[in-house]
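So the structure is just underneath, and the comments pick up after that.
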Amino acid sequence: MKAVIPAAGLGTRFLPATKSQPKEMLPLVDKPSIQFVVEECVDSGIDDIIIITGRGKRVIEDHFDHSVELEAVLDKKGKEDLKEMVADIASMVDIHFIRQKEALGLGHAILRAEKHVGDEPFAVLLGDDIVFSKKPCTKQLFELYYKHKASIIAVEKVPEHMISSYGIIDGTEVGPGLHRITHLVEKPKPEDSPSNLGIIGRYLLTPGIFEELKKTKKGRGGEIQLTDGLMRLSKKEEMYGWEFEGVRHDLGNKFEYLKASLEYGLLHEEVGPRLREYFSNFNADEVEAKYR
Ligand code: UTP
C-alpha cells in the first residue's frame, strides 16, 4: 500500500515562521510534525510514501535522507544513541518526492501522485495534521477499506464555531462511528451544515478520485479542492466517514499547534516532569507582569 503526504501548501497562517521553512518541519518538542506522519504510515504497514513538496521544501527531503557528516560527528563524539536515531529516520521507509510547481490546492497536489500510485487504493495523510492513537488512524482506515472496499474518510465531531473551517459530511450512521456518505460540503455556515462531522487529514481513497479531480474546476481561492473531487466520487462510488479513535491536532493552526506542543511536552520523557511541575505553579498574571 502507498501513501501520499501533501506538504506543498504555503503555510500563510504561520508566517513569518514559514517564510523560508515548511510548516511541516515545525517540531513538537524535538520531532518535526511530518516525522509523526511518516511514522504513522510505517506503523500502518505502508512501505512506499510519496511526499508532495513545493518551493522551499528541500529541507523535508534532507530530513529523511542520510546525513553522513552528522552521523560521523556523532560517532566520533561517542553519541551512539543520537547517531542511531538520526540514521533510523533515513532508513525507516522508501520515500519519493514529487514537486507541485504551484500551490493550486490540495486536490491538485494529490493529482501529482497519480502516476506513482497507479490503479490502486492509497492513503492520504496531510503533513500538518497529527493523530495520537493506540491503533494508527491510517491503519483504522485500511481495516475498514478491506471490509467495505470503498473510500473511507476520517471525521470528527467539531464544535459549532469551527464548522465553517471544515469539509463536512452528510450521511447515515450504518454502524457505531461509521457513516455512509451521501453528500459533502466545503466550509458551510453552521446554520446550513448537514452535520457536525468534519473531515480531518486522513483518507483512504480508491484510484477513482484521480479522474474526479481532473474534472474538478478551481473552487474557493482559485484552488482545486479535494472536497469537490470527493463530492463527485461519492456520487459514483460508496464512500464512508469514520469517527476515528484517537486525539488529533491540526498543526497548521497556531492555537492547536501550541496546545499540541504542550500536551506532547507534558508526556515527553525528558521534559515532561519539569513541564508538569512548572505548570502546577503557573500564574499567568505573574508571568505577564515580568514582561511588562
Ligand atoms: P492548508 O489548507 O492548511 O493550506 O492545506 P496551507 O497553504 O498549507 O496553509 P495556510 O492555510 O496558507 O496557512 C492543507 C494541506 O494541503 C497541502 C498543505 O501542505 C497541507 O498539508 N497543500 C495545500 C498542498 O500540498 N498544496 C496546495 O496547493 C495546498
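Packing, taken as the mean count of other beta carbons within 10 Å per residue, orders the peptides 211-222, 95-106 from highest to lowest as 95-106, 211-222. Computed from backbone phi with θ = phi - 60° and the Karplus coefficients 6.51, -1.76 and 1.60, the 3J(HN,Hα) list for segment 90-95 is 6, 9, 4, 6, 6, 10 Hz; x is used for glycine and proline. Working from Cα pairs under 8 Å separated by at least six residues, relative contact order for segment 124-223 is 34 percent. Note that segment 208-215 has calculated 3J(HN,Hα) couplings of x, 4, 4, 4, 5, 5, 5, 8 Hz, one per residue in order, obtained from phi through the Karplus relation 6.51 cos²θ - 1.76 cosθ + 1.60 (θ = phi - 60°); glycine and proline are x.
How charged is the neighbourhood of residue 14? Take every other residue with its Cβ under 10 Å from the Cβ of residue 14, and add Lys/Arg as +1 and Asp/Glu as -1.
Values: positive: 13, 19, 23, 254; negative: 128.
With Lys, Arg at +1 and Asp, Glu at -1, the net is +3.
Helical content alone sets the calculated 222 nm signal of the chain at -10500 deg cm²/dmol, taking -39,500 (n - 2.57) per DSSP H segment of four or more residues and averaging over every residue. Scanning residues 5 or more positions from residue 96 or on other chains, those with amide H under 5 Å from its amide H are 49, 50, 51, with H placed 1.01 Å from N in the peptide plane.
Nothing charged except the Cβ atoms of Lys and Arg (+1) and of Asp and Glu (-1): what's the magnitude of the dipole of the chain about its Cα centre? Round to the nearest 20 debye.
Here the chain has a charge dipole of around 1020 debye.
Taken one residue at a time, the phi angles of segment 280-292 give Karplus couplings (6.51, -1.76, 1.60, θ = phi - 60°) of 5, 10, 6, 10, 4, 5, 4, 5, 4, 4, 4, 8, 7 Hz. Gly and Pro are set to x.
Is any residue of segment 81-125 close enough, with backbone N under 13 Å, to a label point placed 7 angstrom from the Cα of residue 235 along the Cα-Cβ axis, and if so, which? Answer for this model: none. Electrostatic bookkeeping for residue 185 treats Lys and Arg as +1 and Asp and Glu as -1; over the other residues with beta carbon under 13 Å from its beta carbon, the sum is -2. Treating each Cα of segment 118-274 as an identical point scatterer and summing with the Debye formula, the log10 of I(q)/I(0) at q = 0.17, 0.19, 0.21 Å⁻¹ comes to -1.03, -1.25, -1.47. Here, the chain has an Rg and a Dmax of 20.1, 63 Å when only alpha carbons are counted.
Note on residue 80/residue 215: beta-carbon distance plugged into 1/(1 + (r/R0)^6) with R0 of 51 Å gives a FRET efficiency of 0.40. Taking every DSSP bridge with both residues inside the chain, close to 60 percent are antiparallel.
Just so you know, all these numbers are worked out from the coordinates, no wet-lab data involved. If you're wondering where the values come from, they're calculated on a predicted model, not measured in any experiment. Virtual Cβ from ideal backbone geometry, glycine too; neighbours counted across all protein chains shown.
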